[in-house]
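Supplied in structure tokens, the structure appears directly below.
The values are calculated or read from the model by the stated rules, or taken from the named source; none is laboratory data. In this text, all values refer to a predicted model and were calculated from it rather than measured experimentally. When we count neighbours, we look across all protein chains shown, and the Cβ atoms used for this are built from the backbone with ideal geometry, even at glycine. Accessible surface areas use protein heavy atoms only, side chains included; no ligands, DNA or RNA. Shrake-Rupley method; radii C 1.70, N 1.55, O 1.52, S 1.80 Å.
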Amino acid sequence: MILKVLSFGAIALLLLLRLARTPFGARLLGVPLKVLHIVYLAALGVAGMLAIPYEQWVLLAVVVVLLVISLVEEVRRRSAALE
């Protein structure tokens, strides 16, 4: 039971970090945007690594979806910079 609560808490934290990764969020927190991106990716990595041994498949699925979304955003950003 406690693992389910922790899993949903981790999902909520990851979603909040995702929302904070905007220029407005960076300004609001007083942290550079690049630092927020690094913290977000590190949190995704840690959550993914911990979800596997504790068999929290919902958390792992959320981590994978957020990683794919981040990858797509980065590819779009880089392709727009090349044009």
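If you roll a 1.4 angstrom probe over the protein chains with everything in place, what fraction of the accessible area of the chain belongs to carbon and sulfur, to the nearest %?
Here carbon and sulfur together make up 77 percent of the probe-accessible area.
Using 0.36 nm per residue, how much length does the chain from residue 15 to residue 54 gain when fully extended, once their Cα-Cα distance is taken away?
Values: separation 39, 0.36 × 39 = 14.04 nm, distance 2.04 nm.
Between residue 15 and residue 54, full extension yields 12.0 nm more.
Leaving out ligands and nucleic acids, note down the accessible area per residue over the chain with a 1.4 angstrom probe, in whole Å². Could the numbers behind the result be given before it?
On the way: 6170 Å² over 83 residues.
For the chain, the per-residue accessible area is 74 Å².
While we're here: What accessible area, in Å² to the nearest ten, does a 1.4 Å probe give for residue 34?
Using a 1.4 Å probe on the heavy atoms, I get roughly 150 Å².
Here's another thing I want to ask about it. Label points 7 Å out from Cα along the Cβ direction at residue 38 and residue 81: separation in nm?
1.6 nm
Oh, and also: Can you compute the modelled spin-label distance between residue 70 and residue 2, with each label point 7 Å from Cα toward Cβ, in nm?
2.8 nm
Can I ask one more? Projected onto the charge dipole of the chain (+1 at Lys/Arg Cβ, -1 at Asp/Glu Cβ, origin at the Cα centre), which of 66, 46, 36 gives the Cα projection farthest towards the positive end?
Among 66, 46, 36, the one farthest towards the positive end of the dipole of the chain is 36.
With n ≥ 4 as the cut-off for DSSP H runs, can you work out [θ] at 222 nm for the chain, using -39500 (n - 2.57) per run divided by the number of residues, rounded to the nearest 500? Mind dumping the intermediate values first?
Details: 4 runs with 71 residues, N = 83.
Helix contribution divided over all residues of the chain: -29000 deg cm²/dmol.
How much accessible surface does residue 62 have with a 1.4 Å probe, in Å² rounded to 10?
That residue has around 40 Å² of solvent-accessible surface.
Divide the volume of the convex hull of the Cα atoms of the stretch 30-82 by its number of residues and quote the answer in cubic angstrom per residue. Let's see the in-between values first.
Details: hull volume 4.2 nm³, N = 53.
Convex hull volume per residue, Cα atoms: 79 Å³.
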